[in-house]
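Down below is the structure, laid out as structure tokens.
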Amino acid sequence: MSLIKEPDYGTPERPSAQLVTLEIDGQSVTVPAGTSIMRAAAGMGHQIPKLCATDSLEPFGSCRLCLVEIEGRRGTPASCTTPVEPGLKVTTQNARLAKLRKGVMELYISDHPLDCLTCAANGDCELQDMAGAVGLRDVRYGYDGENHLTAGKDESNPYFTFDAAKCIVCSRCVRACEEVQGTFALTIGGRGFESHVSPGQDQPFLDSECVSCGACVQACPTATLQEKSVIALGQPKRSVVTTCAYCGVGCSFKAELNGNTVVRMVPYKDGQANHGHSCVKGRFAWGYAAHKDRITKPMIRASIQDPWKEVSWDEAIDYAAAEFKRIQAKYGRNAVGGITSSRCTNEETFLVQKLIRAAFGNNNVDTCARVCHSPTGYGLKTAFGTSAGTQDFDSVLEADVILVIGANPTDGHPVFASRL
């Protein structure tokens, strides 16, 4: 198995009933109105180099790496901020564009540490990838001029570091904090050459308004913002899609691992509940996966006074089945039941109720979500005829007004609240 690489189309999708047909590199393409040239090209398999652009954030147009030519227009506009128009003829690759992009990349690299081989992001760095994509092999300007290579490192956050010497001021972290999380903990301080990412008023991350959701870390295209677990354990080699084990929202994650050791948890863009975002718990509070007190082998005991005894899985399952049978034989079929946690996935809850009904032969099955959400269920059934939810997560994006009564979604379900 290998790492799951999710495609990045550069700019967000623009749903529209109106379609626009244009020509990119001699090929005709039809996309919804409002789509950027960058996204239209990516949909055709034409990857335009980029650094400040990513499809989880609104286009910004600051890195100037995604320049293109448009027939009949002067200059070289940024493809991320230029929307498609009917009949456009766009060129994404030619000698002129290659020279411009290479020149832009030289400026970035001339003010960047040359420590790729020892960098924690080596092999997972967009700056490194884009330098290769534009064919940059050396820098004509040298490295002795004014630079930011001595800028300090902020290690105050318990989960990630901020290495200002590696920052290219693309503003992706600032925009992620604003657009994805809605915390506004980061800003760009200074002007011109003195521009820099600033948590609050140049505070350490730990003292700022940062809630450690990790959106900035995920958005960063360099090793400026880097998980401490990656620094300690190295780059992961494989990933598995899983569901967060905390609250009942059901956020999807890529568990990225070295062997069976979790290196980091990365929110999965295809997750229907979280769309590539997370709260601090799902993103960083996964230490339980390798905690010294975690039970990793099945154990049984005949009574509470007896010590636990490690056994094989077959012995543990046989013992549990025999005890269920003994209890039902002595006290009747209804003496056994099951209850699931609200942290279980729908699939896990389905399997438990199937076990109770098919194997135990009764209907003694429940979930704690029914207890804590019984008022919700009653209200929904009275109003809509069903006690289940009537909308999906994405429907909140279409709402004109959202009324919250008797709850604090910002604390209870921060991933959902960040999208309100």
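The values are calculated or read from the model by the stated rules, or taken from the named source; none is laboratory data. Here the structure is a predicted model, which means the values were calculated and not measured. Glycine gets a Cβ as well: all are built from the backbone with ideal geometry, and neighbour counts include every protein chain shown. Ligands, DNA and RNA are excluded from the accessible area calculation, which covers all protein heavy atoms including side chains. Shrake-Rupley method; radii C 1.70, N 1.55, O 1.52, S 1.80 Å.
A few notes on this one:
- Stokes-Einstein translational diffusion, the range 285-380 - Kirkwood Rh over all Cα pairs, 0.890 mPa s, 25 °C, in µm²/s: 152
- Gyration tensor verdict on the range 28-79 (Cα atoms; rounded if a/c is under 1.5, prolate if a/b is larger than b/c, oblate otherwise): oblate
- Net charge contributed by nearby residues that have their C-beta within less than 12 Å of TYR246 (K/R +1, D/E -1): +3
- Dmax and Rg, reported as Rg then Dmax, of the range 334-401 (C-alpha, Å): 15.1, 50
- The range 1-153 - percent of accessible surface contributed by carbon and sulfur, probe 1.4 Å: 51
- Cα gyration tensor shape of the range 1-113, rounded if a/c is under 1.5, else prolate or oblate by comparing a/b with b/c: oblate
- Geometric descriptor of the range 138-253, per residue, is 149 Å³ (volume of the convex hull of the Cα atoms).
- The packing ranking of peptides 207-213, 184-190, 394-400, 64-70, highest mean first, is 64-70, 207-213, 184-190, 394-400, where packing means the average number of other beta carbon atoms within 10 angstrom of each residue.
- Candidates GLN235, GLN305, GLN93, ranked by Gaussian network fluctuation over the chain, Cα under 10 Å, top entry: GLN305
- Averaging the Cα positions of each part gives two centres, and for the range 1-42 and the range 157-236 these lie 28 Å apart.
- Percent of beta bridges antiparallel (DSSP, the chain, rounded to nearest 5): 85
- Expected 222 nm ellipticity per residue - DSSP helices of 4 or more, -39500 (n - 2.57), all of the chain, to 500: -6500 deg cm²/dmol
- All-pairs Cα distance distribution in the chain, expressed in whole percent, bin size 20 Å: 20, 47, 25, 7, 0
- The alpha-carbon of LYS297 sits under 24 angstrom from the alpha-carbons of these lysines, leaving out residues fewer than 8 places away in its chain: LYS309, LYS325.
- When a 1.4 Å probe is rolled over the protein heavy atoms, the share of accessible surface on the range 298-371 that falls to carbon and sulfur comes to 57 percent.
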